[in-house]
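No value in this document is a laboratory result; all are computed from the given coordinates. What you see is a predicted model, and the numbers here were worked out from it, not measured in a lab. Note that each Cβ is placed from the backbone with ideal geometry, even for glycine, and that neighbours are counted across all protein chains shown.
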Amino acid sequence: MTANLVIPDYAGACLSNITPALLEHDIIGSGWIPDNILKAPKVVLVLVDGLGYQQFQASEQKGLTPNLTTMDLQRIITVAPSTTATALTSLTTGRPPGEHGIVGYKVKAGNKVLNTLRWTAGKGGVADEIDPSSFQPVIPFLGKEVSAISPAEFANSGFSSAHLRGADYQGYYLPSNMPELISNSLRHNSRLVYAYYDGLDKVGHVHGVGPYLDAEIAFIDYLVGAIFQALPSKTGLIVTADHGMVNVGDSVILIDDGIMNRTSFLSGEARFLWFHTERGVGDSLLFDLEDLYGNCAWVRSKEQILDEGWFGRQVSNEAKQRLGDIALLARDPIAFAERGRAGPKLVGRHGSLTAAEMYVPLITMFKD
């Protein structure tokens, strides 16, 4: 069955609209975020990295989520590309990627390619050269007082500075600490507490969608149950995700040498590659990419992507400069890599715009 291209609806039930809806009681959340959550005196927003809607439904049908199953479930859409750095920044800033500028996993930054999650270029850190608050200028959480519960190891990272600056960062060393940290933050007058958990994404990358992922989802169900029990009364809970995942296994396609000879460099990631080209070769390269990979991938020019609003209707000049000239997006369960630079073997991947990667759950419950 041929996968359909899923383009985000930034005006509707989208990950980027959750924070504005909660912090400003914005009408944009009406109809897809329950009223009792929107109007709650306090709200906890839990982001489970890698919990796609399709994967969650499959686990629910297996009886692995007794706590989450008692809550309200809706399907919403993430941003483009379906990758963590872009999605988390859209969640915390309330803006589409074209406005905050973290438009992918690996992004052109001057004469470097910045790994936005690790804030590295090549083999070294570049926080001194590429200032996170300049690279991503939108103030997170609308500048309001928010607690952020996230792994302690990320507290001082460049990416945390880019998407969580200004928040009261509470680092945890083990997920068992999350309920207590969340409860403490709520007691200290934070109306919104944001909590991030990355275990599922790690399992998915290493083992793919299957029994190991199911076991991790069962643990997450237990964790969310513990978080809910620790909440004071009159508190809303939202559980959502940044992207889903597909199994690619060993299906890594090496980019043709003739293509690479006309490419200055690549950015993006294995399921959403950007080709940065020299002037004058774009049209022929697009045609050849379509000829070589059109049977398993989508090929689009930057102009078409911008016109169709993949990154939002407002795209800053800085964001436009970070995009490549031609995008290659995996439609089938495959990954793309440059010869000799395949990177680590990852069974599960994400980044493209298939339904399995783009749709995520919005799970809600209000504690009376």
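Summary of computed values
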item	result
Three-way shape call for region 99-181 based on the alpha-carbon gyration tensor, with the a/c threshold at 1.5	oblate
E24 versus N189: modelled label distance in nm, points set 7 Å from Cα along the beta carbon direction	2.5
Distance between modelled label sites at A152 and N36, nm, 7 Å Cα→Cβ extension	3.7
Cα shape, region 1-112, gyration tensor, a/c 1.5 rule	oblate
Amide H partners (placed H, <5 Å) of G208, local residues excluded	V347, G348
Degrees between helix 211-230 axis and first principal axis of the chain (Cα, 0 to 90, nearest 10)	40
Candidates G343, G312, G225: whichever shows maximal mean-square fluctuation once the chain is modelled as a Gaussian network with Cα springs under 10 Å	G343
Sorted largest first, extent of the chain alpha carbons per principal axis (Å)	62, 43, 38
Order of T86, T263 - criterion: other Cβ atoms within 10 Å of each residue's Cβ, fewest first	T263, T86
Crossing angle, helix 178-187 versus the chain [Cα axis fit, 0-90 degrees, rounded to tens]	60
Fewest-first ranking of H207, H188, using other Cβ atoms within 10 Å as the exposure measure	H188, H207
Extension gain (nm, one decimal) between E308 and E338, 0.36 nm per residue minus Cα-Cα	8.0 nm
Entries in K112/K345; K144/K234; K39/K106 that, when Cα-Cα distance is taken, lie over 30 Å	K39/K106
Förster radius 45 Å - calculated FRET efficiency between K234 and R118 (Cβ-Cβ, nearest 0.05)	0.70
Approximate spin-label separation E180-D9, in nm, with each point projected 7 Å along Cα-to-Cβ	4.3
Length gained when the stretch D257-Y212 is fully extended (0.36 nm per residue, less Cα-Cα span)	12.5 nm
C-alpha long axis of helix 84-93 to longest principal axis of the chain, angle in °	50
About the Cα centre, charge dipole magnitude for region 252-349 (Lys/Arg +1, Asp/Glu -1 at Cβ), debye	440
Long-range HN-HN contacts of V146 with modeled amide H, under 5 Å	D168
Kirkwood Rh and Cα Rg combined as Rg/Rh, region 253-347	0.95
Alpha-carbon spread of region 184-317, three principal axes, descending order, Å	62, 39, 21
Of A327, V360, G343, farthest towards positive along the dipole that unit charges on Lys, Arg, Asp, Glu beta carbons give region 294-368	G343
Net charge dipole size for the chain [Lys, Arg +1 and Asp, Glu -1 on Cβ; Debye, nearest 20]	520
For S352, distant residues with modelled amide H under 5 Å away	S82
Length added when fully stretched, D283-S264, from 0.36 nm per residue minus Cα-Cα	5.3 nm
